[in-house]
């Protein structure tokens, strides 16, 4: 069973993020090509898993992530301003200010990473719970157009859309390279979905405040082999797209900052 080495985790996680981003680009472009022949072990426990030994009732709580990173389209980014990590809670401050003169499709992430190892001496099934607090002030903008949209299209008015989500993903470290467990609906909460179009002579902009809102996330029924390691990713996501527009996150006037806070990840053995 591969050991978890924090010093080597960054490269493996970055490689997995790039692979996931590439599959997403292929999907948007007309169909993914699959895992390129990669051997993925989707672990299936013995049917007698609940009959082996006493039940594990003590939950494992991880309050301190081993890393807080930012990504843009699966690549390392540079919009994190400040991070604070502690056993009680961890937070990240960030600044995003993007403007585009053509088509754009971006995915920005602020991510918290936690790891947990199954040291029960047997196969287990684990439920993972977490929460993400979002406290920020976003905006989308769209450029004006000199040509009104005729009935057949062809307008020069800009357009922009942003979807803001909190998400939880589980990485299966017993596979090498690591793989990501299939997503569950309970691992994604949508905070906002806003769109805007530019005016005829004037640019358009829309403010999107998200003030101290909490989003609860969980991934249930993950089968983990003995000594297997689970790396949990809790993330704030901005999916923004359109043409001749932009997206940004500014300071909340009353708070003088913008944050995402991840207070904990809870591993419950069943």
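The values are calculated or read from the model by the stated rules, or taken from the named source; none is laboratory data. What you are looking at is a predicted structure, and each value in this text was computed from that prediction instead of being measured. No Cβ is skipped: glycine too gets one built from the backbone with ideal geometry, and neighbour counts run over all protein chains shown.
Selection of the stretch 192-205 for residues being buried (at least 18 other Cβ atoms within 10 Å of the Cβ), touching a residue at least 60 places away in the same chain (Cβ under 8 Å) and part of a loop (DSSP other than H, G, I, E, B) yields an empty set. Every condition in (1) surrounded by 15 or more Cβ atoms within 10 Å (Cβ to Cβ); (2) at pLDDT below 95 is met by residue 167 except one, and the failing one is (2). Across the stretch 206-220, the number of residues qualifying as in contact with a helix residue (DSSP H, G or I) (Cβ under 9 Å, 6 or more places away or on another chain) and either surrounded by 15 or more Cβ atoms within 10 Å (Cβ to Cβ) or free of Cβ contacts under 8 Å to residues at least 60 places away in the same chain (or both) comes to 3. Residues in the stretch 164-182 that are in contact with a strand residue (DSSP E or B) (Cβ under 7 Å, 6 or more places away or on another chain) and over 18 Å from residue 227 (Cα atoms): 164, 165, 166, 167, 168, 169. Would you confirm whether or not the stretch 102-119 contains a residue that is more than 30 Å from residue 228 (Cα to Cα) and free of Cβ contacts under 8 Å to residues at least 24 places away in the same chain? No: the stretch 102-119 contains no residue that is more than 30 Å from residue 228 (Cα to Cα) and free of Cβ contacts under 8 Å to residues at least 24 places away in the same chain.
Of all residues in the stretch 210-239, those satisfying the criterion of being in a strand (DSSP E or B) and more than 14 Å from the chain's Cα centre (by Cα) are 210, 211, 212, 213, 214, 220, 221, 222, 223, 224, 229, 230. Are any of the residues in the stretch 197-209 at pLDDT below 95 and within 17 Å of the chain's Cα centre (by Cα)? The answer is no; no qualifying residue exists. Screening 137, 66 for residues that are touching a residue at least 24 places away in the same chain (Cβ under 8 Å) and buried (at least 17 other Cβ atoms within 10 Å of the Cβ) leaves exactly one candidate, 137. Tell me yes or no: at least one residue of the stretch 173-191 is loosely packed, with under 14 Cβ neighbours inside 10 Å, in a strand (DSSP E or B) and at positive phi. No: the stretch 173-191 contains no residue that is loosely packed, with under 14 Cβ neighbours inside 10 Å, in a strand (DSSP E or B) and at positive phi.
Taking the stretch 127-160 as the range and being modelled with pLDDT of 90 or more and either in a loop (DSSP other than H, G, I, E, B) or more than 17 Å from the chain's Cα centre (by Cα) (or both) as the test, only 127 passes. Within the stretch 55-68, can one find any residue that is modelled with pLDDT of 75 or more and touching a helix residue (DSSP H, G or I) at 6+ places or on another chain (Cβ under 9 Å)? For the stretch 55-68, residues modelled with pLDDT of 75 or more and touching a helix residue (DSSP H, G or I) at 6+ places or on another chain (Cβ under 9 Å): present. Residue count for the stretch 243-265 under the criterion of being part of a strand (DSSP E or B), modelled with pLDDT of 85 or more and surrounded by fewer than 24 Cβ atoms within 10 Å (Cβ to Cβ): the result is 3.
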